[in-house]
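Take a look at the structure below.
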Amino acid sequence: MLLLPSTKPITTETISRKCSALSPQHRFSSIRVELRSHNTKTVAVTATNKGTQPMLATTRRPLVLSLLTTFFNMLEDTINSFSKAPLPPFIDPQCVLCDNFAPVDELPPTECQVIEGQLPSCLNGAYIRNGPNPQYFPTGSYHQFDGDGMLHALTISGGRAMLCSRFVKTYKYNLEHESGQPVFPNMFAVFYRPTTFVITSILFTAARIFSGQINPARGAGLANTSLAFFGDRLFALAESDLPYTVRVDKAGDIETIGRYDSNGELLQNMTAHPKIDLNTKQTFAFRYGMMRPFLTFFSFDANGSKQSDVPIFSVSHQSLVHDFAITERFAIFPEIQITVNPMAIMKGTPLMQLDHSKVPRIGVIPRNAKDESEMRWFDVPGFNIFHTINAWEEEDDVVVLIAPNMLSIEHCLEKTELNHSSVEKVRIDLKRGIVSRFPLSARNLDFGVINPALVGKKSQYAYLGVGEPMPKMAGVVKLDLSGWEHQEHVVASRMYGQGCYGGEPFFVAKNPEDPNAEEDDGYMVSYVHDEILGESKFLVMDAKSPTLEIVAVVKLPRRVPYGFHGLFVRQSDLNKL
């Protein structure tokens, strides 16, 4: 964002000087200057980056909009104060945002201390983890999914490490930062409130839109869920909005470039879990929405250009589809018992709810499909999955899917500490239409990853966090995915110790360019927080070791809150940003 002085006369020369000082990495193709408010001396500079929606930079929000924001916030707080009912713990910010879930401020690149071992030479790049971190502490209800996205990047070079934490500068973040107060409602939490609160929130949001405070065309997403690297771009993702392009510079600092629409071809939201085939360089993705088609499949070519949509009309009801999987020929979609029903607010029930009458099913479609004519659905009773681990093909027309199945689906969005996920291996015989299921572990496991080179291909190993309780991970395990025996498939494990919790692990190969390298020849990395000492560390573990032996420990200069999904980006790829 360009912050131009509003207390001095603003000239064309001032704007040109500010724009020319920007990093050439932005590759702005045009710059347009517009006088937005004569009385407040507010100008807007629209800088267009190839494939990225224009970024708006203003000197100061017009006074009338700031006053309207304050007025609406005060009025909404007054109405909410009449409620005497306590908030449920899972949407009470005093409960949700405590301990290491509490938000932190931004941190510029800060050198870290390697306190144990040495950082392997293959860890030359940046490990980046995304997660919710509200810019302002909520005064009303708040769900864990409602926080602004914050990226925590540990940049490693020559055995040294630098930590940087920055908000993803979404439209929502920038608007509220300029206002100095919240503008958008915490929509996920709102839908767990009584009907009167939901309707009030909707009315206030509509009033903010009609008064010009909010422009919904510019998005309302949080970019707080995951990251992906494809088409020589790095993205921060959340399924409620378009991706946001970000970069990590040579100093280890994080910069938000803008909201990405693939040259106008990506008009709506996109999954936070795209799948990348490293052989073909294709990226596969989808979106789900409130209107038909409720599910739409699409892909990007090797250059990051979006291909045509494939609407899936055989999904007849709004369903929560958070993740999916690919094989070399197919894309695999789960349809679970969690439904998304906008009309539920009129009944005083949550937007997302459990439909006990619905039978979960799996859809298989050729990944190069032009339409859904070849889509096939298979009923899989009791198979409710949020995340997938991998999928591949065996024999003739047999698809194998590995995923954690939520056995206590009724708790998945509220009492997450009661969640229990059992990893299953599902065999789908496309010729005979038969589905077979085999549990791989009885432990409570989720946030699974594999060697990224094997996405869509047969893999032997997966690495998952041990939920004790969810969403905190008390350790990490290595699963052997081979075989069909009904037995425990955990072959390696490391628990972090009393009061220590991490999140999703990530696998980094030692020699990613070596086609003959063993699948598990690499390292597991993760942020881990010690709740007793109040310290956070970065752990590097040997993925081949039966104990996942610790190779290096980096003490972080301040705590890193628990979050969602991460990614390791090698320096050669960071140089492309």
- prompt: Pairs, please: C-beta under 6 Å, at least 6 apart or cross-chain, first residue in contact (Cβ under 8 Å) with a residue 40 or more places away in the chain and within 18 Å of N511 (Cα to Cα) and in region 98-126, second open to solvent by 40 Å² or more (accessible area, probe 1.4 Å) and part of a loop (DSSP other than H, G, I, E, B)?
  reply: C122/K510
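Could you say whether any residue in region 153-168 is part of a loop (DSSP other than H, G, I, E, B) and buried (at least 23 other Cβ atoms within 10 Å of the Cβ)?
Taking region 153-168 first, the residues part of a loop (DSSP other than H, G, I, E, B) are 158-159, 168.
Filter again for buried (at least 23 other Cβ atoms within 10 Å of the Cβ), leaving 168.
Within region 153-168, one or more residues are part of a loop (DSSP other than H, G, I, E, B) and buried (at least 23 other Cβ atoms within 10 Å of the Cβ).
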- prompt: Among the candidates V466, V455, which residue alone is open to solvent by 10 Å² or more (accessible area, probe 1.4 Å) and of a type in the set (V, I, T)?
  reply: V455
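Can you name every residue in region 394-413 that is open to solvent by 20 Å² or more (accessible area, probe 1.4 Å) and either farther than 30 Å from R494 by Cβ or assigned to a strand (DSSP E or B) (or both)?
We begin by selecting, within region 394-413, every residue open to solvent by 20 Å² or more (accessible area, probe 1.4 Å); these are 394-397, 407, 410-411.
E394, E395, D396, D397, E410 - these are the residues of region 394-413 that are open to solvent by 20 Å² or more (accessible area, probe 1.4 Å) and either farther than 30 Å from R494 by Cβ or assigned to a strand (DSSP E or B) (or both).
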Members of region 342-390 found to be modelled with pLDDT under 95, outside any loop (DSSP other than H, G, I, E, B) and among the aliphatic types (A, V, I, L, M), listed by number: M343, A344, I345, M346, M352, L354
field: Checking S436 against (1) modelled with pLDDT of 95 or more; (2) touching a helix residue (DSSP H, G or I) at 6+ places or on another chain (Cβ under 7 Å), the condition it does not meet
entry: (2)
statement: Conditions (1) surrounded by fewer than 22 Cβ atoms within 10 Å (Cβ to Cβ); (2) touching a Leu at 6+ places or on another chain (Cβ under 7 Å); (3) part of a helix (DSSP H, G or I) -> G212 fails only (3)
Residues (touching a residue at least 40 places away in the same chain (Cβ under 8 Å) and either open to solvent by 30 Å² or more (accessible area, probe 1.4 Å) or under 21 Å from D355 (Cβ atoms) (or both)) located in region 302-314: A302, N303, S305, S308, P311, I312, F313, S314
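Let's see how each residue does on (1) of a type in the set (A, V, I, L, M, F, W, C); (2) within 13 Å of I550 (Cβ to Cβ):
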site	(1), (2)
W484	yes, no
V490	yes, no
R494	no, yes
G497	no, yes
G502	no, yes
A517	yes, no
D521	no, no
Hits in region 99-113 - residues which are outside any loop (DSSP other than H, G, I, E, B), open to solvent by 50 Å² or more (accessible area, probe 1.4 Å) and either of a type outside the set (S, T, N, Q) or in contact with a helix residue (DSSP H, G or I) (Cβ under 7 Å, 6 or more places away or on another chain) (or both): D99, P108, E111
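Would it be correct to say that V426 is more than 20 Å from the chain's Cα centre (by Cα) and either open to solvent by 10 Å² or more (accessible area, probe 1.4 Å) or within 25 Å of P561 (Cβ to Cβ) (or both)?
On the way: more than 20 Å from the chain's Cα centre (by Cα): yes; either open to solvent by 10 Å² or more (accessible area, probe 1.4 Å) or within 25 Å of P561 (Cβ to Cβ) (or both): no.
Taking the combined requirement at face value, the residue does not satisfy it.
Working carefully through the options A236, A285, find the one that is under 16 Å from the mean Cα position of the chain (by Cα), free of Cβ contacts under 8 Å to residues at least 24 places away in the same chain and buried (at least 22 other Cβ atoms within 10 Å of the Cβ). Steps first, answer last, please.
Working: A236 fails: free of Cβ contacts under 8 Å to residues at least 24 places away in the same chain.
Sole residue among the options that is under 16 Å from the mean Cα position of the chain (by Cα), free of Cβ contacts under 8 Å to residues at least 24 places away in the same chain and buried (at least 22 other Cβ atoms within 10 Å of the Cβ): A285.
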query: Considering only region 315-333, how many residues are modelled with pLDDT of 95 or more, in contact with an Asp or Glu (Cβ under 8 Å, 6 or more places away or on another chain) and open to solvent by less than 10 Å² (accessible area, probe 1.4 Å)?
result: 2
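The values are calculated or read from the model by the stated rules, or taken from the named source; none is laboratory data. Quick caveat, the model's predicted, so the values are computed rather than measured. Note that each Cβ is placed from the backbone with ideal geometry, even for glycine, and that neighbours are counted across all protein chains shown. Note: accessible area is taken over every heavy atom of the protein model, side chains too, but ligands, DNA and RNA are not part of it. Shrake-Rupley method; radii C 1.70, N 1.55, O 1.52, S 1.80 Å.
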